[in-house]
1. Counting only C-alpha contacts under 8 Å and six or more residues apart, can you give the relative contact order of the range 292-380 as a whole percent?
2. Per residue, how much space in cubic angstrom lies within the convex hull of the C-alpha atoms of the range 349-502?
3. Any chance you could check the Cα centroid distance between the range 221-255 and the range 28-52 for me, in angstrom?
4. What's the carbon and sulfur percent of the range 175-285's accessible surface, probe 1.4 angstrom, rounded to a whole number?
5. Write down the percent of antiparallel bridges among all DSSP beta bridges whose residues are both part of the range 53-127, to the nearest 5.
6. Can you tell me how the range 219-330 classifies by the Cα gyration tensor, rounded, prolate or oblate, using a/c under 1.5 as the rounded cut?
7. To the nearest Å, what is the center-to-center distance of the range 419-446 and the range 341-376, using C-alpha atoms only?
8. Under 8 Å for C-alpha pairs, at least 6 residues apart: give me the relative contact order for the chain, rounded to a whole percent.
Amino acid sequence: MAESMLGLKRSHRCTEVTAASIGQKVTVMGWVQKSRNKGGIIFTDLRDRSGILQIIFEESDCGAEAFEKATKLRSEFVIAVVGRVEARLGETNQNLVTGAIEVRAESLRILSESETPPFPIEENSRTKEELRLKYRYLDLRRPDIQRNLILRSKIAILTRQFLAEEGFLEIETPTLIKSTPEGARDYLVPSRVHPGSFYALPQSPQLFKQLLMCSGYDRYFQLARCYRDEDLRADRQPEFTQIDMELSFVDVDDVLDVNERLIHKLFQELLGVDVPLPIPRMTWQEAMDRFGSDKPDLRFGMELVNVSDVVKDVDFIVFRSALENGGTVRGINAEGEGGRPRKKIDALVEYAKGYGAKGLAWLAIHEDGEIKSSFAKFMTPEQTDALVKAMDGKPGDLLLFAADQNKVVWDVLGALRLEIARQRGLLKKDDFRFLWVTEFPLLEYSEEQGRYVAMHHPFTMPMDEDWHLIDSDPGAVRAKAYDIVLNGTELGGGSVRIHQSDIQSKMFEVLGFTPEKAQEQFGFLLEAFRYGVPPHAGLAYGLDRVAMLMAGCDSIREVIAFPKVKDASCLMTEAPTPVDQKQLEELGIRVIEE
């Protein structure tokens, strides 16, 4: 029978009881991790968010009634214990912070009983994620998940403190906004007061933070909730949190400087990791050429090598046709993989096909110097030697080549180097390699839409020296855009914004907006730009991704209290669900059944 807390007040969390507390009376409360009845003595592990504390029940100390209750304790019962702290009589438990002490109970209250949980509440659970997420309130009791959420909280608090000290103001922006056509799909919210009209949930506070700069607030930030109706991956959710900021009267270096110091503070204070400053910078073009990715993982080498000139005269149709069609031939050297069995090489070929490759050419150098290759018969010994030399190949190495248009080659080899690094255990979670990727293309051509689209968004400033190419070669115009990358994951991105109305109008024109369409979608921003706009720039991090990498997790679901799964549903609450017909009628909405 559950009892009341009346008259009791918790004096310590479990791990706040230390050796310095020996001899003191304490009141502790929490969940029973496990309880072991050894006849005349009961050992109970009490758990709260701080950790575990051992409680000893003996009838001579706590009385017959309390001891009888202690015999009934089961996992996840919620209890309150008053007792005296003692040095542990048995061997110290090195696995517990409280392993040198225990509490000898003088009284016990069972505040709540529990049914047997559907899975054990333990670290590094092997329970299927679907079951854990269905009972997320139980999963959240696991110590490793609690540590993750505590870390996330500390990241948020420390970020607020740092930015406040740097002169930023925390300002909230609306979450019911006007829908805009660029970027991912919006989540729409119907208006009851304006039948047939809809709000959108913000994909980011972009336009509002630019308006705040127009309003003279100089330095803004918020931990902003954002929503995108897009396909999900391990590092994406339909709703997520951004550390969002905007600064006036700045250029690229100013934004990067304040953010480098923020990153340094977070990693130093929360993980004890000293991030070397300044963080290295690499242009988008260099990142793609060297790593096949605009978010390169620098924890290992295996860089891409362009061998187009080396193989231009080779009589191998795959290489020749790629070069004749304006593509390239590039390779990576998987050092030490030359002895990989043919079956495992074929598995890499199939993996490459998943990223758009028609195939994968390979050349294995055995330890004795013998060369096995999928294309050696099309090459002279001299050509083979030249290719091996260009790739810095040595006995024991495996050389892998992709030949196609640049984008395909980058995608294939960029993914392959990561897969091989995964297989070889090169991706150490405590090795933090930061990088700024700069000078992104301003635009990219969308075959689907038959026009150029903004690589970041329509308000990104082009680089001054490239602007003259906007009509003749728009794809060659670089942007004053930058991403912060950690271990192959984009933590955040931003740009200097356009603050001149003529450049903004031209940008809309290049993106296929008529003046009327631009006015319809962004009229309020363009109107604001008529009244004095400071040069401004900003950046936004994915807080969930930052927490995921700092916690050493593989998925942002492990650092979000109540995440959704791949189809954007919540297994615990079963959202989304149908709603009452009356609600739909009030909103003027009719659901058409397929």
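1. It rounds to 24 percent for the range 292-380.
2. About 180 Å³ per residue, rounded to a whole number.
3. Between the Cα centre of the range 221-255 and that of the range 28-52, the gap is 43 Å.
4. After summing per-atom areas, the C and S share lands at 50 percent.
5. Roughly 85 percent of the DSSP beta bridges within the range 53-127 come out antiparallel.
6. Details: a/c = 2.52, a/b = 1.96, b/c = 1.29.
It is prolate, given that a/c is not under 1.5 and a/b is the larger ratio.
7. 23
8. Rounded, it is 13 percent for the chain.
The values are calculated or read from the model by the stated rules, or taken from the named source; none is laboratory data. None of the values given here were measured: they were computed from a predicted structure. Virtual Cβ from ideal backbone geometry, glycine too; neighbours counted across all protein chains shown. With ligands, DNA and RNA removed, areas are computed over all heavy atoms of the protein, side chains included. Shrake-Rupley method; radii C 1.70, N 1.55, O 1.52, S 1.80 Å.
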